[in-house]
Amino acid sequence: MTAAFEFHLAEFARNWRGSVFGSFVVPLLTVVGFGLGVGGYVQGGVDGVSYLHFLVPGLLAATALQIALSEATWPVMANMEWMKTYSAQAATPLRPADVFGGHLLFVLFRVTAGVGAFLLVGAVFGALRSPWAVACLPIGALLGLAVAAPVFAYTVSVPGEVWLSLLMRFAVLPMTLFAGVFFPVDTLPVALRWLAYATPLWHAADLSRAATLGRAPDWSLTGHLLYLALWAAAGTALAAHRFHRRLGV
């Protein structure tokens, strides 16, 4: 697993400049555009705090989600189908579980680094009201695992990249818009509210908001962590099984 992780890390080392630029510029533009721009029209704040303080922890969780998904879709399909990188690795003493685990570990590294960059931007704008904000790093990593692992399994199971576009269009985009990142889910109709509760993003957004604001989450802390861990464990088991079916001999 370590060798596979080092492979992806070495590949990243050749292209890190472009991603580091994006890691800081995208959060900066998002905070300025939504937090300050849109927030300037929100009178009285949201959920007892200013819109900037409400929005930034949601964006932290959404950033972890977006990085996990971007790394678990087209790069995984490229390694499995187009460049056959996974097959080449499986031809070495590496097991399919090592191939999968090494790439998943690299995704968690990318998620944690992205959330760290967003935390720095949020701190510059004074959007973090509690030292517990650093807890957003493990929260983002847990969300990344809960999302990336099942998407790894999905990506190596679908017949073509059009299925990845469908995933983004009909699952990821609605989840980002309605899972409590931009406004409280309490304002949604009851049916949509329960759909939001079922998404991993809502649980991570509520935990991140509690961490940056220094208050208790709206739902049980243990319940949030167990729910995300359940997604992560089930997704990891399913993805390991799919990698074994595709690469095992």
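Quick notes on this structure:
- For PHE5, the accessible surface of its heavy atoms amounts to roughly 40 Å² (probe 1.4 Å, protein chains only, rounded to the nearest 10).
- Under 5 Å, built H, 5+ apart or other chain: amide partners of VAL46: TYR51
- Contact order for the chain, expressed relative to its length and based on alpha carbon pairs under 8 Å spaced 6+ residues apart, stands at 29 percent.
- Gain upon complete extension [VAL25, ALA229; 0.36 nm per residue less C-alpha separation]: 70.4 nm
- Accessible area per residue for the chain, computed on protein heavy atoms with a 1.4 Å probe, is 48 Å².
- Of the DSSP H helices in the chain, those whose Cα atoms cover at least 18 Å axially and whose Kyte score averages 1.0 or more: 16-30, 51-72, 96-124, 136-155
- Heavy-atom accessible area ranking, 1.4 Å probe, most first, across GLU11, GLU6: GLU6, GLU11
- Cβ-derived FRET efficiency at R0 41 Å, ALA3 paired with VAL42, nearest 0.05: 0.25
The values are calculated or read from the model by the stated rules, or taken from the named source; none is laboratory data. Every value quoted in this text rests on a predicted model; they were computed, and no experiment measured them. Neighbour counts run over all protein chains shown; Cβ positions are idealised from the backbone, glycine included. Just so you know, the surface numbers come from the protein's heavy atoms only, side chains and all, with ligands and any DNA or RNA stripped out. Shrake-Rupley method; radii C 1.70, N 1.55, O 1.52, S 1.80 Å.
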